[in-house]
Amino acid sequence: MKCTTIEEVIIQLEQIIQHSILTNDPKGFFAVLYYKVTVRVRDGIRNKEFDHNDTMEKLDVCFANRYLEAYEQYKNNQTCSASWKVAFEACAKNRSIVLQHLLAGINAHINLDLGIAVVEACGQNPLASMQRNFFQINEVLSSMMEGVKSDIGRMAPAFKWLMPLAKKWDEKLMQFSIETAREAAWTFAGNLYQHAQRTHLINERDQVIKALGFSLLNPGRTLSMLLATIRSLEFKPVAQQLNILMNRKK
């Protein structure tokens with residue numbers, strides 16, 4: 001069932017994280033990041049931090065339902081968006097580093113889901129009425145990424161000294177996935193809003209974002225070797241890594 005409140009979203013994310021811990025499932029990495037973002041948005045709404053607190057929860061829930069639906073579809077062997085399928089299949093193979101799993105999830109969720117969620121949340125209201133909420137959700141996610149990368153460093157100390165060797169790669173992906181992507185997502189939302197028949201536009205964009213997700217998970221040969229080295233040093237079990245990300249264990 002779709003969530004109707006932000007508290008329901010948090011409960012479902014907690015369930016995904018717990019299941020991922022029990023099964024050593026890398027899908028929990030994105031779920032932890034999203035859980036932290038959602039809790040931060042909830043607290044911001046309670047403290048009236050956002051420009052439009054009354055509509056922020058509606059957007060947050062619409063946005064989260066896109067991810068939760070894709071997760072359940074994949075889990076039950078049903079068809080999910082191609083963008084999420086690439087990210088979930090990478091988790092099944094478990095050959096990527098934690099940061100790649102996070103970026104693959106961010107790619108699908110911002111580049112595809114966010115524009116769709118904005119149009120759904122605004123309903124018959126002008127699209128511009130959701131613009132500040134749209135950018136503020138992105139700002140929350142962006143502000144939390146450095147903390148997540150610090151947590152990854154605690155899981156695998158080698159990450160701190162090997163990742164700078166891929167500095168340009170890292171910065172490029174961070175900029176694309178959060179900053180540039182949100183601008184493109186807003187444009188995508190505008191295109192959807194103007195068209196009554198949206199299925200074709202969504203499917204077309206899904207294929208583009210799928211390709212981007214694949215490139216995040218399958219970079220060039222030299223970088224792949226470096227990332228393989230980092231992954232070999234992320235020697236802690238997935239469950240332990242998830243507990244660290246949730247600040248349950250040092």
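The values are calculated or read from the model by the stated rules, or taken from the named source; none is laboratory data. Predicted, not measured: the structure shown is a model, and the values here were computed from it. Every residue, glycine as well, gets a Cβ built from its backbone with ideal geometry; the counts of neighbours run over all protein chains shown.
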(request) Report the residue count in the range 27-51 for those that are surrounded by 15 or more Cβ atoms within 10 Å (Cβ to Cβ) and assigned to a loop (DSSP other than H, G, I, E, B). (result) 1
(request) Pull up the range 206-228, narrow it to residues that are among the small types (Gly, Ala, Ser) and in a helix (DSSP H, G or I), then point me to the one that is modelled with the lowest pLDDT. (result) 224
(request) Could you list, in sequence order, all residues of the range 1-26 that are over 23 Å from residue 103 (Cβ atoms) and in a loop (DSSP other than H, G, I, E, B)? (result) 1, 2, 3, 4, 5
(request) Tell me which residues, restricted to the range 71-87, are assigned to a helix (DSSP H, G or I) and either closer than 15 Å to residue 25 by Cβ or not small (Gly, Ala, Ser) (or both). (result) 71, 72, 73, 74, 75, 84, 85, 86, 87
(request) Please state which one of 140, 148 is surrounded by fewer than 24 Cβ atoms within 10 Å (Cβ to Cβ), β-branched (Val, Ile, Thr) and either closer than 22 Å to residue 217 by Cβ or without any contact (Cβ under 8 Å) to a residue 24 or more places away in the chain (or both). (result) 148
(message) Return the residues of the range 72-92 that are surrounded by fewer than 22 Cβ atoms within 10 Å (Cβ to Cβ) and within 30 Å of residue 45 (Cα to Cα); say none if nothing qualifies.
(response) 72, 73
(request) For the range 15-26, name all the residues that are out of contact with any Asp or Glu (no Cβ under 9 Å at 6 or more places or on another chain) and either surrounded by fewer than 16 Cβ atoms within 10 Å (Cβ to Cβ) or polar (S, T, N, Q) (or both). (result) 15, 18, 20, 22, 23, 24
(request) Keeping to the range 88-104, report how many residues are under 17 Å from residue 241 (Cβ atoms) and part of a helix (DSSP H, G or I). (result) 11
(message) Can you tell me which residue is surrounded by the fewest Cβ atoms within 10 Å (Cβ to Cβ) among those in the range 229-241 that are within 22 Å of the chain's Cα centre (by Cα), modelled with pLDDT under 90 and under 22 Å from residue 146 (Cα atoms)?
(response) 240
(request) Report yes if residue 66 is of a type in the set (D, E, K, R) and assigned to a loop (DSSP other than H, G, I, E, B), otherwise no. (result) no
(message) Taking the criterion of being among the polar types (S, T, N, Q), more than 12 Å from the chain's Cα centre (by Cα) and either crowded, with 24+ Cβ neighbours inside 10 Å or modelled with pLDDT of 95 or more (or both), would at least one residue in the range 115-127 satisfy it?
(response) no
(message) Within the range 12-30, take every residue that is under 17 Å from residue 69 (Cβ atoms) and not charged (D, E, K, R) and give me the one that is modelled with the lowest pLDDT.
(response) 30
